[in-house]
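Okay, so here's the structure we're looking at.
The values are calculated or read from the model by the stated rules, or taken from the named source; none is laboratory data. Everything quoted here is computed from the prediction, not taken from an experiment. Each accessible area value is taken on the protein alone, full model and side chains, heavy atoms only, with ligands, DNA and RNA left out. Shrake-Rupley method; radii C 1.70, N 1.55, O 1.52, S 1.80 Å.
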Amino acid sequence: MTVTLYGVARSRASRNLWLLHETGMPFAHVPVIQAGRLADPAAQINTQSPAFLAVNPTGKIPALVDGDLVLNESLAMNLYLAKKAGGPLAPANLAEDARMTALAIWAMTEVEPHTINILYHRVMKPVAERDESVAQAAIAALAAPFAVLDAALAETGFLVGGRFTVADINTAEVVRYAMPVPALFEAAPRVKAWLAACHARPGYKAMMAQRDAEPA
Ligand SMILES: N[C@@H](CCC(=O)N[C@@H](CS)C(=O)NCC(=O)O)C(=O)O
């Protein structure tokens with residue numbers, strides 16, 4: 001059965017597009033856009049469209065439908081899709097599965113709130129709405145998790161099982177939002193090298209090509 005992914009590439013759906021491109025799994029894509037990006041809400045299916053709210057009542061992208069399964073939360077969706085696809089991206093055993101789950105929860109709770117603040121307050125918000133003190137607090141808060149990640153990469157250069165897995169995709173996508181602050185990566189050289197290796201993956205390049213083809 002073909003899975004359906006909801007969400008434009010210029011959103012956290014990028015994570016799922018990357019993973020889907022890595023697996024080669026066939027999928028349908030519904031480019032649901034953030035409602036706030038549309039001048040005319042009727043122009044394109046968006047996060048407040050009744051048809052999308054019927055899929056994900058939280059009104060957030062991404063979402064995934066696979067037969068009777070309807071799932072949201074980008075990192076949980078990737079863990080599911082990796083296991084559905086099987087192969088090296090997926091956990092090879094229960095212990096790897098547990099570590100990949102823990103990493104996803106860590107990335108979402110300990111890292112993303114800060115990396116997203118860097119993205120918002122250095123890049124995405126209109127200049128007049130940016131608050132440099134929020135960006136500075138985020139940079140300070142990321143020093144510890146970046147050091148933890150750097151140490152975790154010391155042995156094999158990957159996060160779980162000594163190979164590229166869904167755990168690398170999930171974590172790399174959360175860390176990507178900190179790229180406007182090169183100093184964080186200079187202080188964590190293994191994180192810098194790992195992110196560059198992740199971004200050299202064919203699935204990442206395919207996702208980015210799709211993202212670049214979307215209107216900004
Ligand atoms: N924790 C959620 C966050 C989802 C989220 O906040 N998505 C944003 C876009 S990246 C969204 O849909 N916001 C609602 C909107 O802009 O209308 C996940 O990772 O899937």
> Hey, in the GNM for the chain with a 10 angstrom Cα cutoff, which one of THR58, THR115, THR171 fluctuates hardest?
Replying inline: THR58
>> List the residues, sorted by chain then number, that are 5 or more residues from VAL3 or on another chain and whose placed amide H is less than 5 Å from its amide H.
In response: ALA28
>> Using the Karplus curve 6.51 cos²θ - 1.76 cosθ + 1.60 with θ = phi - 60°, what ³J(HN,Hα) values do you get for each residue of the range 183-188, in whole Hz, with x for Gly and Pro?
In response: 4, 4, 7, 5, 7, 9
>> If you count only protein heavy atoms and use a 1.4 Å probe, how large is the accessible surface of MET77, to the nearest 10 Å²?
In response: 0 Å²
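Using a 1.4 angstrom probe, figure out how much accessible area the range 3-127 has per residue, in square angstrom, rounded to the nearest whole.
Numbers: 5760 Å² over 125 residues.
Per-residue accessible area for the range 3-127 comes out at 46 Å².
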> What order do SER74, SER133 take when sorted by accessible area (1.4 Å probe), most exposed first?
Replying inline: SER133, SER74
> Classify the chain: rounded, prolate or oblate, from the alpha-carbon gyration tensor (a ≥ b ≥ c, eigenvalue square roots; a/c under 1.5 rounded; otherwise prolate if a/b is larger than b/c)?
Replying inline: oblate
> For the range 33-40, what does the Karplus curve 6.51 cos²θ - 1.76 cosθ + 1.60, with θ = phi - 60°, yield as ³J(HN,Hα) per residue in whole Hz, taken in order and with x for Gly and Pro?
Replying inline: 10, 4, 4, x, 8, 9, 6, 10
> Taking the chain as a Gaussian network, where each spring joins two C-alpha atoms under 10 Å apart, which residue of ARG130, ARG15, ARG99 fluctuates the most?
Replying inline: ARG130
> Under a 1.4 angstrom probe, counting protein chains only, how are ASP66, ASP131 ranked by accessible area, largest first?
Replying inline: ASP131, ASP66
> Rank MET100, MET1, MET25 by accessible area, highest first, at a 1.4 Å probe radius?
Replying inline: MET1, MET25, MET100
>> Checking the a/c ratio against 1.5 first, then a/b against b/c, what shape does the Cα gyration tensor give for the range 120-216?
In response: oblate
> How much length is gained if the chain between ALA213 and LYS84 is pulled fully straight, taking 0.36 nm per residue apart and subtracting their Cα-Cα distance, in nm to one decimal?
Replying inline: 43.6 nm
>> Connecting C-alpha atoms closer than 10 Å in a GNM of the chain, tell me which of ALA43, ALA152, ALA51 has the biggest fluctuation.
In response: ALA43
>> Can you tell me the length gained on complete extension of the stretch ALA147 to VAL123, counting 0.36 nm per residue apart and subtracting the Cα distance?
In response: 6.2 nm
> For the chain, what does -39500 (n - 2.57) per DSSP helix run (n ≥ 4), summed and divided by total residues, give at 222 nm, in deg cm²/dmol to the nearest 500?
Replying inline: -15000 deg cm²/dmol
> What ³J(HN,Hα) values, in whole Hz, does the Karplus curve 6.51 cos²θ - 1.76 cosθ + 1.60 give for the range 172-182 when θ = phi - 60°, with x put for Gly and Pro?
Replying inline: 4, 5, 6, 5, 3, 5, 8, 4, x, 10, x
> Classify the range 62-173: rounded, prolate or oblate, from the alpha-carbon gyration tensor (a ≥ b ≥ c, eigenvalue square roots; a/c under 1.5 rounded; otherwise prolate if a/b is larger than b/c)?
Replying inline: oblate
